[in-house]
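What follows is one structure encoded as structure tokens, with my remarks underneath.
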Amino acid sequence: MSPHSNPEIIATGRHLQLVHQNGWEYVVRHNASGVVAIAAITNENCMLLVEQFRPPVNANVIEIPAGLAGDIAGQEAESFAIAAQRELEEETGFRAKDLKQVAYFPSSAGLTNEAITVFIARDVVKVGDGGGDASENIIVHQVPVADINAWLKGKAAEGCLIDMKIHAGLYFLDIPRIAS
């Protein structure tokens, strides 16, 4: 069979489809055009991180701000840069004066066709409260870059999971990091 043959839809939910293709089962998000993630640094040299409970892993997860592009009715053609700016402000209450796309990579190539577009945000300014939309309960953390490794280790010791996109963000911001 061709690696590009049409997948068989096994199940469809409100946001996801489970598909079968060439002996492989994987998930497709059908309500968005992509995923954006933002590694943001404030003018005070703090990295903006978010914490929220994630039911699939039954734990609080520390992440860089991230979200979907094209998932709002009437805005399906939203650019990834606009989605990144919107998600940064929605989740953290900060807006970036300097936003640059730096990477595009699969989120979990064995599980989903979804890919993440990573942005670096500098010169970010506080414009609101953040905390996410009505369906989210996001805690915003402003972590001094000099303390990021110890802070992440401390959050892991508390039982939080550390999302791998943080390490990608630290890499693109050229911030030394250690495994947590």
Exercise. All but one of (1) in a strand (DSSP E or B); (2) free of Cβ contacts under 8 Å to residues at least 60 places away in the same chain hold for Glu90; which doesn't?
Worked result: (1)
For this session: Filter the stretch 104-142 down to residues that are out of contact with any Lys or Arg (no Cβ under 8 Å at 6 or more places or on another chain) and of a type in the set (Ser, Thr, Tyr) and give me whichever is surrounded by the fewest Cβ atoms within 10 Å (Cβ to Cβ).
Result: Ser135
For this session: Kindly provide the set of residues from the stretch 47-94 that are among the polar types (S, T, N, Q) and more than 17 Å from Cys160 (Cα to Cα), ordered by number.
Result: Gln75, Ser79, Gln85, Thr92
Problem set entry | From Pro65, Pro55, Pro106, residue being farther than 16 Å from Arg122 by Cα, assigned by TED's automatic domain parsing to the domain that holds Ala37 and within 13 Å of the chain's Cα centre (by Cα) | Pro106
For this session: Working carefully through the options Ala146, Ala168, find the one that is modelled with pLDDT under 95, small (Gly, Ala, Ser), assigned to a helix (DSSP H, G or I) and exposed (fewer than 13 other Cβ atoms within 10 Å of the Cβ).
Result: Ala146
Problem set entry | Criterion: closer than 19 Å to Glu51 by Cβ and touching a helix residue (DSSP H, G or I) at 6+ places or on another chain (Cβ under 8 Å) - qualifying residue of Glu136, Glu91 | Glu136
Exercise. Can you list the strands (runs of 3 or more DSSP E) found entirely within the stretch 1-71 that contain at least 1 residues being among the β-branched types (Val, Ile, Thr)?
Worked result: 8-12, 16-21, 24-29, 34-42, 46-54, 59-63
Problem set entry | the stretch 149-160, residues that are of a type outside the set (A, V, I, L, M, F, W, C), over 19 Å from the mean Cα position of the chain (by Cα) and in a helix (DSSP H, G or I) | Asn149, Lys153, Gly154
For this session: Could you check how many residues of the stretch 94-118 are within 20 Å of Leu49 (Cβ to Cβ) and not in a strand (DSSP E or B)?
Result: 1
Exercise. If a residue has to be surrounded by 22 or more Cβ atoms within 10 Å (Cβ to Cβ) and basic (Lys, Arg) to count, how many in the stretch 85-103 make the cut?
Worked result: 0
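The values are calculated or read from the model by the stated rules, or taken from the named source; none is laboratory data. None of the values given here were measured: they were computed from a predicted structure. When we count neighbours, we look across all protein chains shown, and the Cβ atoms used for this are built from the backbone with ideal geometry, even at glycine.
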